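**Q** The following block contains the structure, expressed as structure tokens.
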Amino acid sequence: MTGKTHSATGFFAGLVISHYTGCPGAMTLAMVTGSVLGGLLPDIDNVHSQIGSRLPAVELIVHGCQRGIRLLSGILPRKLRENVRSMTGHRGLLHSLLVPAAMLLALPVIGNTNGIEKAFLIGMIAGNLSHLILDMLSGGVPLLIPFSVARIRVCNFRTGGIMDKLWRLVMYFGIGYLGLSELYQIVSKYIRI
């Protein structure tokens, strides 16, 4: 799926969680911001990622680490070397359940904050999981790294294809509906409608 589809789906996921948990305005903003960022984060290992194209320093660090790991993996036995290299490429380690699991483990650490940081991190988790689900529809992801590098695929929609565009359109409508619903609830507190 394209970056636009991942960000729209992340946005929608953040709005849905915020809507059904009753988050106030600032927490909704934090959750939606986190979910959009979480929806884009797994593709940071791709040279054409939206985050990497806007933050070249981050892209340089990520790709430098990837190259370093690949270079060092040259001393490993062939099968292990291939596994390490598949984990460091696109749809590698960042497309596994390790990243959302690590974020989930960080939730109790930030539990003593005012809630904004927690909402942001919950949004990051939701956006990341939405990204993984979408990529399972378009080529598959190695969800079970480090236990297996095999890609789990549900179907094979083409990135940028008709299903990608159709899904994004559905997400835009969902965002519009939930956004207007939230706006109505805020306005109706102050104005009798």
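**Q** Go through (1) touching a residue at least 60 places away in the same chain (Cβ under 8 Å); (2) under 18 Å from L40 (Cβ atoms); (3) part of a helix (DSSP H, G or I) for I133 and report which single condition fails.
**A** So I133 meets the others, but not (1).
**Q** Next question. For region 174-193, which residues satisfy the criterion of being of a type in the set (S, T, Y), open to solvent by 100 Å² or more (accessible area, probe 1.4 Å) and either within 18 Å of F12 (Cα to Cα) or in contact (Cβ under 8 Å) with a residue 60 or more places away in the chain (or both)?
**A** Once the filter is applied, which keeps residues that are of a type in the set (S, T, Y), open to solvent by 100 Å² or more (accessible area, probe 1.4 Å) and either within 18 Å of F12 (Cα to Cα) or in contact (Cβ under 8 Å) with a residue 60 or more places away in the chain (or both), region 174-193 yields Y177, Y184.
**Q** Quick check on my filter: what residues within region 44-73 are part of a loop (DSSP other than H, G, I, E, B) and surrounded by 17 or more Cβ atoms within 10 Å (Cβ to Cβ)? Even if it seems obvious, please write down each step before you answer.
**A** Going through region 44-73, the residues part of a loop (DSSP other than H, G, I, E, B) turn out to be 46-49, 55.
Within region 44-73, N46, S49 meet the criteria.
**Q** If you check M163, M136, M124, which single one turns out to be hydrophobic (A, V, I, L, M, F, W, C) and open to solvent by 60 Å² or more (accessible area, probe 1.4 Å)?
**A** Working: M136 fails: open to solvent by 60 Å² or more (accessible area, probe 1.4 Å); M124 fails: open to solvent by 60 Å² or more (accessible area, probe 1.4 Å).
One residue alone meets the criteria, M163.
**Q** From the residues in region 3-19 that are of a type outside the set (D, E, K, R) and surrounded by fewer than 19 Cβ atoms within 10 Å (Cβ to Cβ), which one is nearest to M171 (Cα to Cα)? If you could, list the steps in order and put the result at the bottom.
**A** Kept after step one, since they are of a type outside the set (D, E, K, R), are these residues of region 3-19: 3, 5-19.
Remaining after also requiring surrounded by fewer than 19 Cβ atoms within 10 Å (Cβ to Cβ): 3, 16, 19.
Details: G3: 13, V16: 11, H19: 15 Å.
Result: V16.
**Q** May I ask you to list the residues in region 150-173 that are part of a loop (DSSP other than H, G, I, E, B), free of Cβ contacts under 8 Å to residues at least 12 places away in the same chain and either under 18 Å from T9 (Cα atoms) or of a type in the set (S, T, N, Q) (or both)?
**A** G161
**Q** A further question follows. Consider region 20-43. How many of its residues are touching a residue at least 40 places away in the same chain (Cβ under 8 Å), among the β-branched types (V, I, T) and open to solvent by 40 Å² or more (accessible area, probe 1.4 Å)? Outline the logic, then answer.
**A** Kept after step one, since they are touching a residue at least 40 places away in the same chain (Cβ under 8 Å), are these residues of region 20-43: 23, 25-28, 30-43.
Okay, now just the ones that are also among the β-branched types (V, I, T), so 28, 32-33, 36.
Then drop every residue that is not open to solvent by 40 Å² or more (accessible area, probe 1.4 Å), which leaves 33.
Residues in region 20-43 being touching a residue at least 40 places away in the same chain (Cβ under 8 Å), among the β-branched types (V, I, T) and open to solvent by 40 Å² or more (accessible area, probe 1.4 Å): 1 in total.
**Q** Now a separate question. If you check L143, L137, which single one turns out to be among the aliphatic types (A, V, I, L, M), under 20 Å from T5 (Cβ atoms) and touching a Phe, Trp or Tyr at 6+ places or on another chain (Cβ under 6 Å)?
**A** Values: L143 fails: touching a Phe, Trp or Tyr at 6+ places or on another chain (Cβ under 6 Å).
Just one listed residue meets the conditions, L137.
**Q** Residues that are under 14 Å from the mean Cα position of the chain (by Cα), at pLDDT 85 or above and in a helix (DSSP H, G or I): does region 16-32 have at least one?
**A** Yes, because at least one residue in region 16-32 is under 14 Å from the mean Cα position of the chain (by Cα), at pLDDT 85 or above and in a helix (DSSP H, G or I).
**Q** Another question, if that's okay. Kindly establish whether F147 is without any contact (Cβ under 8 Å) to a residue 40 or more places away in the chain, aromatic (F, W, Y) and either under 29 Å from T21 (Cα atoms) or in a loop (DSSP other than H, G, I, E, B) (or both).
**A** Considered against the rule, which asks whether it is without any contact (Cβ under 8 Å) to a residue 40 or more places away in the chain, aromatic (F, W, Y) and either under 29 Å from T21 (Cα atoms) or in a loop (DSSP other than H, G, I, E, B) (or both), F147 comes out as yes.
The values are calculated or read from the model by the stated rules, or taken from the named source; none is laboratory data. As the structure is a computational prediction, the values presented were derived from the model and not from experiment. Every residue, glycine as well, gets a Cβ built from its backbone with ideal geometry; the counts of neighbours run over all protein chains shown. Quick note on the areas: whole protein, heavy atoms, side chains included, nothing else; ligands and nucleic acids left out. Shrake-Rupley method; radii C 1.70, N 1.55, O 1.52, S 1.80 Å.
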